[in-house]
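The values are calculated or read from the model by the stated rules, or taken from the named source; none is laboratory data. Quick caveat: nothing in here was measured; it's all calculated off a predicted structure. In this analysis, Cβ positions are derived from the backbone assuming ideal geometry, glycine residues included, and neighbour counts consider all displayed protein chains. Areas reflect the complete protein model, heavy atoms only, side chains present, ligands, DNA and RNA absent. Shrake-Rupley method; radii C 1.70, N 1.55, O 1.52, S 1.80 Å.
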Amino acid sequence: MPVVHASEAVVHEMHGVRFVSYATPRTGSEQLAAWRGEIPAGTKAPAHTVTHEEILHLLTGSLRLTLDGETHTLTAGDTAIVNAGTTLAVENPADTTATMWVTTSVGLEAELADGTRVTPPWAR
């Protein structure tokens with residue numbers, strides 16, 4: 001299917017964040033997965049190490065990203081490149097929801113600090 005309408009997106013929630021999935025093999029993508037992340041005010045998602053490169057583009061709001069221990073503030077229009085093997089933590093210290101567009105390779109997994117491996121459905 002070459003077009004995924006907004007009404008066809010699949011919504012997932014994890015760690016207080018809403019993931020609105022558009023591109024996956026289920027919707028016709030062969031190599032890439034793409035979704036919109038909605039990060040509510042005050043959210044601090046757990047740090048996790050990613051197995052595939054991710055591109056995070058902030059659409060609205062601001063976020064604090066920590067990449068391998070180095071903290072960055074992103075505002076609307078900024079993009080972060082998260083290489084495979086990077087430990088990433090996302091925090092929204094603002095008082096409004098932030099939204100970002102994320103693209104990665106199909107098959108992305110994340111490992112939490114306790115060793116738990118997560119295979120998010122919006123990336124497979």
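Results, tabulated for the structure shown:
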read-out: Selection within region 76-115 - closer than 22 Å to residue 41 by Cβ and part of a loop (DSSP other than H, G, I, E, B); value: 76, 77, 78, 92, 93, 94, 95, 96, 97
read-out: Condition check for residue 25: touching a residue at least 40 places away in the same chain (Cβ under 8 Å), within 15 Å of the chain's Cα centre (by Cα) and open to solvent by 40 Å² or more (accessible area, probe 1.4 Å); value: no
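To keep it simple, each residue is scored yes or no on (1) under 12 Å from the mean Cα position of the chain (by Cα); (2) within 28 Å of residue 115 (Cβ to Cβ); (3) not aromatic (Phe, Trp, Tyr).
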position	(1), (2), (3)
2	no, no, yes
6	no, no, yes
13	yes, yes, yes
20	yes, no, yes
50	yes, yes, yes
53	yes, yes, yes
75	no, no, yes
78	no, no, yes
